[in-house]
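Here's the structure we're looking at; comments come further down.
The values are calculated or read from the model by the stated rules, or taken from the named source; none is laboratory data. The structure presented is a predicted model; accordingly, all values stated were derived computationally and were not measured. Quick reminder, even Gly has a Cβ in these numbers, built from the backbone with ideal geometry, and neighbours come from all protein chains shown.
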Amino acid sequence: MPEQDAAESAPQVVSSFLERRREQVAQRWADALLFRSVFTLSRDEAVEACKAVVDALSEVAVSGRLEDIDAPGFGTVREQLGRMAATRARAGSTPSQIADEVAGLRVPAMDLLRDEFTDPTSAQAQESVLALTVLLGTLRLVVMETALDANSELIERQRQQLLEVATPVIKLWESTVAVPLIGTLDSARSQVVMESLLEAIVDQRARYAILDITGVPTVDSLVAQHLMKTVAAARLMGAECIVSGIRPAIAQTIVQLGIDLGSVVTRASLADALAYALGRQGIEMTRSDTGASAR
């Protein structure tokens, strides 16, 4: 290729280079770990993805905003590499590892850029190499930011899934469901408990809902408030809520805190709560040598 017009600025030179050598840059980048590890089945898809990134970088270069991660051209990069970063994050790659893979794109592009100049040591050549280095450095920052966002979203989804798994709603009897709570009951988990319970009341047409707090280590005013809100929400859905698992230590704590649970039906154990719910439905519980039965 001929020497660049000396009147062109380094960013313009880089933009023109990326436009002209789009195919060659994309072909080389398609073999880089970043793209190869995501597009494992089709190299053509990897090449097309690389072309989209090259086009975006050319747009950023022509604007002259080489160090601005908010430059409009990087929007396409975020969209394209964001999906890739999310894929790599799900595969176990850290944001720093993904950023290192982006850094691996520099050498193939730099080699092609140097070939553009008859004298790679000229001032314009060195300025253009520096401009491309800065541009790819900013790309690295953009990808790190995107990867961190992808990791945060993944962690949030996993946290939500754990909350849902940790708060199962069990159908104990016809028209009777229960939520066995284990561990600390904070605001986020309380919301999941309430939503899961209300959905179960509707789906199972439940008339009685048991909140079993046997596995809750401590009950303070905040936990009691969450329980009261859940009980009230269940009542609005037409179900009576029973709180079971009131151990002596928890009963003393509730009294000492001055928490009023007078409007809430409480029972010492899940079995007692189930017996109460069945009794309210006219089902009598009897005990035998082999256990309890209903009739």
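Collect the residues in the stretch 82-99 that are part of a helix (DSSP H, G or I), surrounded by fewer than 17 Cβ atoms within 10 Å (Cβ to Cβ) and touching a residue at least 40 places away in the same chain (Cβ under 8 Å), keeping them in residue-number order.
THR87, ARG90, SER96
Out of all the residues in the stretch 3-21, which are modelled with pLDDT of 85 or more and either crowded, with 16+ Cβ neighbours inside 10 Å or in a loop (DSSP other than H, G, I, E, B) (or both)?
Within the stretch 3-21, SER9, ALA10, PRO11, GLN12, VAL13, VAL14, SER15, SER16, PHE17, LEU18, ARG21 qualify.
Taking VAL102 as meeting all but one of (1) at pLDDT below 90; (2) surrounded by fewer than 19 Cβ atoms within 10 Å (Cβ to Cβ), write down the number of the exception.
(2)
Within the stretch 60-81, does at least one residue satisfy the condition of being under 17 Å from VAL134 (Cα atoms), modelled with pLDDT under 85 and loosely packed, with under 15 Cβ neighbours inside 10 Å?
yes
Please count how many residues of the stretch 106-158 are of a type in the set (Ser, Thr, Tyr), crowded, with 16+ Cβ neighbours inside 10 Å and modelled with pLDDT under 80.
1
Kindly check whether there is at least one residue in the stretch 51-60 that is farther than 21 Å from LEU141 by Cβ and either outside the structural domain of LEU34 (by TED's automatic domain parsing) or part of a helix (DSSP H, G or I) (or both).
Within the stretch 51-60 (the criterion being farther than 21 Å from LEU141 by Cβ and either outside the structural domain of LEU34 (by TED's automatic domain parsing) or part of a helix (DSSP H, G or I) (or both)), the answer is yes, since at least one residue qualifies.
Table: residues versus (1) more than 20 Å from ALA30 (Cα to Cα); (2) in contact with a helix residue (DSSP H, G or I) (Cβ under 6 Å, 6 or more places away or on another chain).
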site: LYS51; (1), (2): no, yes
site: ASP55; (1), (2): no, no
site: ASP68; (1), (2): yes, no
site: ARG83; (1), (2): no, no
site: THR87; (1), (2): no, no
site: THR121; (1), (2): yes, no
site: GLN124; (1), (2): yes, no
site: THR133; (1), (2): no, no
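Return yes or no: is GLU79 of a type outside the set (S, T, N, Q), under 17 Å from ALA49 (Cα atoms), out of contact with any Gly (no Cβ under 8 Å at 6 or more places or on another chain) and in contact (Cβ under 8 Å) with a residue 12 or more places away in the chain?
Criteria not met by GLU79.
Tell me the residue from ASP31, ASP44 that is part of a loop (DSSP other than H, G, I, E, B) and among the charged types (D, E, K, R), please.
ASP31
Which one is surrounded by the fewest Cβ atoms within 10 Å (Cβ to Cβ) among residues in the stretch 206-229 that are under 11 Å from THR253 (Cβ atoms) and polar (S, T, N, Q)?
Only one residue fits best here, namely THR218.
Since ASP203 meets every condition but one in (1) closer than 30 Å to ILE246 by Cβ; (2) of a type outside the set (Gly, Ala, Ser); (3) at pLDDT below 80; (4) surrounded by fewer than 16 Cβ atoms within 10 Å (Cβ to Cβ), which condition does it not meet?
(3)
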